[in-house]
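Note sheet for the following structure.
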Amino acid sequence: MSYAEYAKHYFTMPDCILFLLLAMLLLAVVYGIFFVFANKTFEGELKIQHEFFSLSERFYELIFSGGSIIGFMAAYYLINRFVTSGSFYEFWSDYKDYLLLVFMIISILLNTFLDHVFVKLKRLDKSEMASIRLTGMIYMIVIFCYIKFIYEDNNYDMFITYFLTLMIGRFVYFDASFKDFIECMKQAIKNIPIMLIGLTFLGILCLRGYSSDYLLKHNGVITNIFFCHLYIIVAIFIMHFAVDIYFNYRSKRHAEESQPERKPKRKPRPAQRPHKPDIQNLEDF
């Protein structure tokens, strides 16, 4: 399959739209889970909304970080597959190991673009962002374990080695302490339910894609996983506007209902005219 046929297959209508609609439907289910949890855990409209958006943004960051890493791996795989001759092929063959490091840096920049520009995350502080990105690394390790031991594909061993090195470097630096590492791990463990939701989301998309032959098995599992992340990211971009509109409407309605009812003001009585003495009675007097 050539590159043109490859691209045409994944962007053929209506399969492309149907796959996106499935991603949006699953994302709506995720929103429902987050809302039910926030509604049962907290009282008060502001606290419920804060928890809902906090959970949603942690889910976004999990997908953004995972999608960015999978993206550069998919790009590396596609170049290896389709670039087989020419001057660029010679350059790629000589420097592809170094270019892989460049791709990793690009993935970090892409992650920053996604969570600062594409969908701006406003409710996560630095510690929460760091913990969910660590959870994203665990999320990627689970995916790599699936590729290595269940899918039984050894073509990505180099990627796994690079990624594990990146993960170790995330914590092992000159001023790091074991206490900091433990604290960050505790925060990351709290995000495990969100990670499981993300893996389930991804698994359903992959299952649907493989069963309908939309995702081609012979085209590389890493590429298919990247396409699933791409659809989830597009669904997030579309759906987060709808969520904002819904909660803005909900806040206005809650504010109107919480206002005390004002008693209607009594109309002022008309002023009485001063009583004029009866002139005839005065004359009789």
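Tabulated results
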item	result
Ordering of 136-144, 59-67, 21-29 by burial proxy (mean other Cβ atoms within 10 Å per residue, highest first)	59-67, 136-144, 21-29
Segments 99-106, 225-232, 204-211 sorted - mean Cβ within 10 Å per residue, highest first	225-232, 204-211, 99-106
Stretchable slack from F113 to S251, in nm (0.36 nm times residue separation minus alpha-carbon distance)	46.7 nm
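None of the figures in this text is laboratory data; all of them are computed from the coordinates on show. Being a predicted model, the structure only gives us computed values, none of them experimental. A quick note on method: Cβ atoms are made from the backbone with ideal geometry, for glycine too, and the neighbour counts reach across all protein chains shown.
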